[in-house]
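The structure appears right after this line, and notes come after that.
The values are calculated or read from the model by the stated rules, or taken from the named source; none is laboratory data. The model shown is predicted, which means the values in this text are computed figures rather than measured ones. Backbone-built Cβ (ideal geometry, glycine too); neighbour counts: all protein chains shown.
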Amino acid sequence: MRNAGLGGWPARRAQMTPDRTAFIFAERPVTYAEVHERTTRLASRLRAAGVRGGDRVAYLGRNHVAFVETMFASHLLGAIFVPLNFRLAAPEIGYMLDHSGAEVLIYAPECVEVVRALPDTATALREVVALDAPGPGERHYDTWLAEGDPTPIDTPVKLDDTALILYTSGTTGRPKGAMLTHGNLVWNCFNLLLGVDVTSDEVTLISAPLFHVAALNQTLLPTFLKGGCSVITPSWDVDECYDLMEKHRVTWMFGVTTMFAAFARSPRWAGADLSSLRHLMAGGAAIPAALIRTYQERGLVFCQGYGLTETAPGATFLEASQSVRKVGSAGVPVFFADVRVVRPDGTDAAEGEPGEVLIQGPNVTPGYWRDPEATAAAFSDGGWFRSGDIGVLDEEDHLYVIDRVKDMYISGGENVYPAEVEAVIFEHPAVAEVAVLGVPDARWGEVGRAFVVLRPGASVTTDELREFLRLRLAKYKIPVYFDIADDLPKTGSGKIQKPRLRRLPLPDAGSSASSPADR
């Protein structure tokens, strides 16, 4: 087989385990043989539409088997897959389609209004394919696929060829298209399989969005590589998660803090049968120690890791055997990568000294699509990728990620890391979610503002929160402002959107205590 990339995976798996279930979606099982045939048929339709190696094929919609089929079919031809965030507005999607130069767009029914609002971009596409109810001039996905040729396709693809363009959050302007090669994805799978004992009988719940690299390359692709079964859900839903765990005996689940916190807050938590779970993997941001302990009390252990879209995503990993001894750590560098923590001058930080996290390895992006300036800025001397995250290394070289460089604020000359403050606030029994950020202050330069979501039926005053923190944090770290909120804005991956919170006006200072004068 000349295809050394992901496009060859369905054929190889179909040779080895044709009758084994690859996916379950909407209670319908799909075997590896079916995945091979359907992706081959779809690839033949894409080829007939003019798609060739290096061309871009975009997918817009919630998690669906069609997402995976479109990805593998694109890779069969050496084309580049562009998964898009279905939560974005039409102008944002339009920019990504235009910037990537997508040739084909396949979209789900929930995105029809966005697609209808893209007349200029859509006319530049060779094909627009709808999973359901296609519009004028569009194709119907299943009909179009069924008409494809099942004859095997073997296009030469190298590991260095670009496989994905993943658009990162545009917090300071337009989003950037991070390129990941087939080699980046393969090496990440190797790193993951060396850290987690994934087996051929794995049943993996895929409820985080697949357009983010963590759900795709930390769970679905390694499960596929091992011949396990991925249970795909359109989106995260706590009750559905409990139901699927019970019905399919789920063994592996990935999530972010907000997902795991909601899961543990459910009334079903105490009595649910979770005995099938072997692996809980957390990413996106550090899991608060209090939440880790909640799961440990149920006999469930997190495999925590750290990474970015640009590192495909794994950079460090904390194996389950170390999860109790190293609570809160993101672990050590994955097997085939290196990690440094450096000072602003580029020298290595001392043990326990905060610095920027740098990553190097075969899983690291070659750069950003059509953006040489951003690519150059992302790498330091020696080809180390600059994460933009602040971390510290302990005496055993375990990494602790403190915060984003841009999230840290300076109050009265002291560095404050919001993630540290958030972890302490989260320990309060009334708190369900929290986000802390720095806001301008005439006296101290910046002070903290905390957005707090309470558990159902719980109540707490801001004075009570301050007293709780006074015993646990230095005074300069205690937020000046507290906002009790019903919910917090989140990205498609469940991360809290702090840029949106920063735009909110400050509450009346009269209802919030000022910074302590003796701090």
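Which of (1) without any contact (Cβ under 8 Å) to a residue 24 or more places away in the chain; (2) more than 26 Å from Gln218 (Cβ to Cβ); (3) touching a Leu at 6+ places or on another chain (Cβ under 9 Å) does Glu373 not meet, given it meets every other one?
The failed condition is (3).
Does at least one position in the range 481-496 carry a residue that is aliphatic (A, V, I, L, M), under 27 Å from the mean Cα position of the chain (by Cα) and assigned to a loop (DSSP other than H, G, I, E, B)?
Yes, there is a match, as at least one residue in the range 481-496 is aliphatic (A, V, I, L, M), under 27 Å from the mean Cα position of the chain (by Cα) and assigned to a loop (DSSP other than H, G, I, E, B).
Exactly one condition in (1) outside the structural domain of Pro91 (by TED's automatic domain parsing); (2) of a type in the set (Gly, Ala, Ser); (3) at negative phi is not met by Ala26; state its number.
(3)
Inside the range 176-207, can you point out the residues that are crowded, with 21+ Cβ neighbours inside 10 Å, of a type in the set (A, V, I, L, M) and outside any loop (DSSP other than H, G, I, E, B)?
Ala178, Met179, Leu180, Leu185, Val186, Leu192, Val203, Leu205, Ile206
Looking at Arg52, Arg47, Arg2, Arg62, which is the one that is in contact with an Asp or Glu (Cβ under 8 Å, 6 or more places away or on another chain), in the same structural domain as Met96 (by TED's automatic domain parsing) and of a type outside the set (Gly, Ala, Ser)? Steps first, please.
Values: Arg52 fails: in contact with an Asp or Glu (Cβ under 8 Å, 6 or more places away or on another chain); Arg47 fails: in contact with an Asp or Glu (Cβ under 8 Å, 6 or more places away or on another chain); Arg2 fails: in the same structural domain as Met96 (by TED's automatic domain parsing).
Selected residue: Arg62, the only one of Arg52, Arg47, Arg2, Arg62 that is in contact with an Asp or Glu (Cβ under 8 Å, 6 or more places away or on another chain), in the same structural domain as Met96 (by TED's automatic domain parsing) and of a type outside the set (Gly, Ala, Ser).
Scan Leu166, Leu185 and give me the residue that is in contact with a His (Cβ under 9 Å, 6 or more places away or on another chain), closer than 24 Å to Ala378 by Cα and at pLDDT 95 or above.
Details: Leu185 fails: in contact with a His (Cβ under 9 Å, 6 or more places away or on another chain).
It is Leu166.
Do we have any residue at all in the range 254-261 that's under 20 Å from the mean Cα position of the chain (by Cα), assigned by TED's automatic domain parsing to the domain that holds Cys229, among the small types (Gly, Ala, Ser) and over 24 Å from Asp201 (Cα atoms)? Don't jump to the end; show me each part of the working.
Of all residues in the range 254-261, those under 20 Å from the mean Cα position of the chain (by Cα) come to 254-261.
Of the ones still in play, those that are also assigned by TED's automatic domain parsing to the domain that holds Cys229 are 254-261.
Those left that are additionally among the small types (Gly, Ala, Ser): 255, 261.
So of that shortlist, the ones also over 24 Å from Asp201 (Cα atoms) come out as 261.
For the range 254-261, residues under 20 Å from the mean Cα position of the chain (by Cα), assigned by TED's automatic domain parsing to the domain that holds Cys229, among the small types (Gly, Ala, Ser) and over 24 Å from Asp201 (Cα atoms): present.
Would you confirm whether or not the range 167-175 contains a residue that is more than 23 Å from Gly305 (Cβ to Cβ) and part of a helix (DSSP H, G or I)?
Step one: of the range 167-175, the residues more than 23 Å from Gly305 (Cβ to Cβ) are 170, 172-175.
Checking which are part of a helix (DSSP H, G or I) leaves us with none.
No: the range 167-175 contains no residue that is more than 23 Å from Gly305 (Cβ to Cβ) and part of a helix (DSSP H, G or I).
Considering only residues that are farther than 11 Å from Phe72 by Cβ and either touching a residue at least 60 places away in the same chain (Cβ under 8 Å) or out of contact with any His (no Cβ under 8 Å at 6 or more places or on another chain) (or both), which ones fall in the range 1-17?
Of the residues in the range 1-17, the ones farther than 11 Å from Phe72 by Cβ are 1-2, 4, 12, 14-17.
Correct list: Met1, Arg2, Ala4, Arg12, Gln15, Met16, Thr17.
Residues that are in contact with a strand residue (DSSP E or B) (Cβ under 9 Å, 6 or more places away or on another chain): which strands (runs of 3 or more DSSP E) entirely in the range 370-477 hold 3 or more of them?
Working: elements: 385-393, 399-404, 409-411, 414-416, 431-441, 445-454.
Output list reads 385-393, 399-404, 409-411, 431-441, 445-454.
State whether one or more residues within the range 480-487 are over 25 Å from Trp236 (Cβ atoms) and out of contact with any Ser or Thr (no Cβ under 6 Å at 6 or more places or on another chain). Can you show your working first?
Residues of the range 480-487 over 25 Å from Trp236 (Cβ atoms): 480-482.
Next, from what is left, pick out any that are out of contact with any Ser or Thr (no Cβ under 6 Å at 6 or more places or on another chain): none.
Among the residues of the range 480-487, not one is over 25 Å from Trp236 (Cβ atoms) and out of contact with any Ser or Thr (no Cβ under 6 Å at 6 or more places or on another chain), which makes the answer no.
Can you list residue pairs whose Cβ atoms sit under 7 Å apart, with the first residue in the range 329-353 being at positive phi and buried (at least 17 other Cβ atoms within 10 Å of the Cβ) and the second being in a strand (DSSP E or B) and of a type outside the set (Gly, Ala, Ser)? Count only pairs 6 or more apart in sequence or on different chains.
That search, which allows pairs on different chains as well, returns Gly331/Gln304; Gly331/Thr316; Gly331/Phe317; Gly331/Leu318; Gly331/Leu399.
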